[in-house]
Amino acid sequence: MKSLIISASSDAGVSIDGAKDGALKLGKYLENLNKEVIYIKNRDNFVKDKNPLNKRKNEEEINIFNEKLYQTIIENKDKFPFTIGGDHAIAIGSALASQKNHGNIGIIWFDAHPDYNTFKTTITGNIHGLPLASITGFDNASLTNFHHSSFVKYENTVIVGARSIDKEELVNLKKAGIKVFTTEDIKNLGIEKVLNETLKIASQNTLGIHISYDLDVIDPKLAPGVSVPESEGINLEDAYKAIDILFKDVDKIVSLDLVEFNPLFDQDDKTYNIACNLINNIISKIDSKKF
Ligand SMILES: [Mn+2]
């Protein structure tokens with residue numbers, strides 16, 4: 001199947017700079033492999049608000065960006081969207097576009113953080129902590145005004161690898177009934193068992209699955225190049241194997257994001273090399289899809 005590779009170069013969702021450069025660097029890598037890459041960027045005149053007291057930081061810029069990303073994916077419905085972030089707020093555009101294109105999808109969210117905050121519960125006011133709550137229509141309606149359709153259902157939403165959950169965010173997750181597999185669960189049950197269970201939940205009565213892979217799910221000793229590292233992450237073997245396991249039923253996976261690579265915090269290109277390995281594997285899986 002033909003892929004639609006998008007470099008979603010925005011870090012408006014987080015006060016820490018750098019994730020937008022991650023999207024550019026990985027876009028360049030793909031261009032060097034002779035892949036066509038579409039670049040979506042923040043507006044030229046955009047100046048990032050980093051005020052810790054503002055709980056809706058850069059909301060307008062994020063919405064303009066996500067609407068552009070959303071429309072690009074919808075206009076290319078015949079291709080497999082592979083969106084490379086950027087901070088995780090870009091997934092509001094990519095995942096909802098997939099929901100619009102396919103009717104009713106499940107979502108698998110690899111992340112150290114559940115990203116299930118609302119404007120009321122966010123501590124930092126960084127919108128990259130709100131995308132999954134927005135995609136599932138839990139709250140944050142002002143972040144999804146461009147999407148005139150249904151949201152991803154709670155019962156088809158799974159978080160994998162979480163280990164840093166805010167207190168109020170946990171209340172949100174419980175209220176919605178979202179399934180969360182922590183890193184502890186992965187250690188106890190093994191990645192294979194966790195992901196088979198995950199696939200079951202995301203597949204139940206859905207017409208496709210969107211994967212959103214935040215590189216901070218990996219242990220920061222191995223992948224330090226992220227904006228908000230959390231210790232005790234998953235190991236590299238599991239990080240790579242996850243893609244193979246999830247693409248077992250290759251036609252069920254309909255779209256994917258790889259987000260939060262931040263070259264400003266990388267050491268000796270460790271995270272860059274991991275991201276490139278993941279990209280190569282993902283591209284080969286997309287190429288193997290029949291339709
Ligand atoms: Mn995230």
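If you take the residues of region 234-271 that are among the hydroxyl-bearing types (Ser, Thr, Tyr) and buried (at least 19 other Cβ atoms within 10 Å of the Cβ), which of them is nearest to VAL160 (Cα to Cα)? Full working, then the answer.
Just the residues of region 234-271 that are among the hydroxyl-bearing types (Ser, Thr, Tyr), to begin with: 240, 255, 271.
Narrowing further to those that are buried (at least 19 other Cβ atoms within 10 Å of the Cβ): 255, 271.
Numbers: SER255: 17, THR271: 19 Å.
Filtering region 234-271 for residues that are among the hydroxyl-bearing types (Ser, Thr, Tyr) and buried (at least 19 other Cβ atoms within 10 Å of the Cβ), the one nearest to VAL160 (Cα to Cα) comes out as SER255.
For LYS57, only one of the following conditions fails: (1) part of a loop (DSSP other than H, G, I, E, B); (2) surrounded by fewer than 18 Cβ atoms within 10 Å (Cβ to Cβ); (3) of a type in the set (D, E, K, R); (4) out of contact with any Phe, Trp or Tyr (no Cβ under 9 Å at 6 or more places or on another chain). What is its number?
Going through (1) part of a loop (DSSP other than H, G, I, E, B); (2) surrounded by fewer than 18 Cβ atoms within 10 Å (Cβ to Cβ); (3) of a type in the set (D, E, K, R); (4) out of contact with any Phe, Trp or Tyr (no Cβ under 9 Å at 6 or more places or on another chain) one by one, LYS57 breaks only (2).
Out of everything in region 71-89 that is in a helix (DSSP H, G or I) and in contact with a helix residue (DSSP H, G or I) (Cβ under 6 Å, 6 or more places away or on another chain), what residue ends up being farthest from the ligand (Cβ to nearest atom)? Talk me through it step by step, then tell me what you get.
Taking region 71-89 and keeping what is in a helix (DSSP H, G or I), we get 71-75, 88-89.
From what's left, in contact with a helix residue (DSSP H, G or I) (Cβ under 6 Å, 6 or more places away or on another chain): 73-74, 88-89.
Working: ILE73: 19, ILE74: 23, HIS88: 3, ALA89: 9 Å.
Among them, the one singled out is ILE74.
In region 152-163, which residues are surrounded by fewer than 18 Cβ atoms within 10 Å (Cβ to Cβ), touching a Ser or Thr at 6+ places or on another chain (Cβ under 9 Å) and in contact (Cβ under 8 Å) with a residue 40 or more places away in the chain?
Applying the first criterion (surrounded by fewer than 18 Cβ atoms within 10 Å (Cβ to Cβ)) to region 152-163 yields 154-155.
Of the ones still in play, those that are also touching a Ser or Thr at 6+ places or on another chain (Cβ under 9 Å) are 154.
Of everything in region 152-163, nothing turns out to be surrounded by fewer than 18 Cβ atoms within 10 Å (Cβ to Cβ), touching a Ser or Thr at 6+ places or on another chain (Cβ under 9 Å) and in contact (Cβ under 8 Å) with a residue 40 or more places away in the chain.
Scan region 194-201 and give yes if some residue there is in contact with an Asp or Glu (Cβ under 7 Å, 6 or more places away or on another chain), in a helix (DSSP H, G or I), of a type outside the set (A, V, I, L, M) and at pLDDT 95 or above, otherwise no.
no
If a residue has to be more than 18 Å from the chain's Cα centre (by Cα) and assigned to a helix (DSSP H, G or I) to count, how many in region 246-284 make the cut?
Residues of region 246-284 that are more than 18 Å from the chain's Cα centre (by Cα), as a first pass: 248-251, 264-270, 273, 284.
Checking the rest, the ones that are also assigned to a helix (DSSP H, G or I) come to 250-251, 264-265, 270, 273, 284.
Here the count works out to 7.
List pairs: first residue in region 124-150 and surrounded by fewer than 19 Cβ atoms within 10 Å (Cβ to Cβ), second residue among the basic types (Lys, Arg) and part of a helix (DSSP H, G or I) anywhere in the structure, Cβ distance under 9 angstrom, at least six positions apart or on different chains.
That search, which allows pairs on different chains as well, returns HIS148/LYS100; SER149/LYS100; SER150/LYS100.
Report, ordered by the first and then the second residue, all pairs with beta carbons closer than 7 Å, sequence separation of six or more or different chains, a first member in region 245-265 that is closer than 18 Å to PRO229 by Cα and away from the ligand (no atom under 16 Å from the Cβ), and a second member that is among the basic types (Lys, Arg) and part of a helix (DSSP H, G or I).
PRO263/LYS25
Restricting to region 90-137, count the residues that are within 12 Å of the ligand (Cβ to nearest atom) and outside any helix (DSSP H, G or I).
11
The values are calculated or read from the model by the stated rules, or taken from the named source; none is laboratory data. Since this is a predicted model, take the numbers as computed values, not measurements. Cβ atoms come from the backbone with ideal geometry, glycine included; neighbour counts cover every protein chain shown.
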